[in-house]
1. Peptides 79-87, 120-128, 94-102: what's the order by average Cβ count within 10 Å, highest mean first?
2. Would you mind pulling out the separation of the Cα centroids of the range 67-124 and the range 174-194, in Å?
Amino acid sequence: MANESGSGFEDCPSWAPALGFLGAGACIILANWGAAWGTWKSGIGLCQMGVNHPNGIIKNLVAIIMAGVLGIYGLIVAIIISGGVTSPTADGNMYSQFTGWAHLAAGLCCGFSCLAAGAATGVAGEVGIKATGLRAELNHAKSSRGMMGTGGGEITDEGDAGRLYIGSVTILSFSGAIGLYGFIIALIITSSDHYDCQYGNQ
């Protein structure tokens with residue numbers, strides 16, 4: 001719901017739209033930064049694990065997928081913010097400081113939350129993927145030595161590595177939730193009351 005009243009330069013300066021555009025830009029940049037960070041770190045772990053355990057690549061894509069979702073959060077909020085920035089009219093600027101600061105806060109809230117979530121997802125994903133692959137490789141080596149006297153061959157039975165995988169996915173879920181929290185708060189801020197400038201209406 002918009003609050004409308006007579007306004008002037010003090011409430012609706014010409015630079016107010018810059019706050020909204022800064023919020024949209026910061027949101028998408030920081031969110032994509034977090035998504036790229038998480039994808040980079042998780043991708044390193046996935047490639048290293050896939051050398052000796054290629055069968056585990058598909059199910060360990062969870063970390064990379066969750067990192068990519070963070071960029072979507074930033075995109076959605078940035079679109080909402082940029083759509084709320086109104087252009088000046090013949091009477092003057094219709095976009096108030098109040099709305100501008102709200103949009104900037106929403107963008108920073110979502111952006112920094114997704115950045116933190118991306119860092120956590122990347123680090124946890126890399127370590128979790130490597131650990132799961134290593135555990136599966138060790139279990140396979142033990143089983144092969146006991147049966148045939150050799151530790152070679154393709155890993156088909158991961159043994160108890162599945163427990164480590166479940167723990168890794170749980171950690172990733174809570175890491176990604178950090179970005180979701182910022183996304184929700186940003187949506188609440190952008191959908192709350194905003195101040196529209198109405199010149200000549202006292």
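Nothing in this text is a laboratory measurement; each read-out follows from the coordinates by a stated rule. Keep in mind it's a predicted model, so treat the numbers as computed, not measured. Every residue, glycine among them, receives a Cβ derived from its backbone with ideal geometry; neighbour counts consider all protein chains shown.
1. 120-128, 94-102, 79-87
2. About 10 Å separates the Cα centre of the range 67-124 from the one of the range 174-194.
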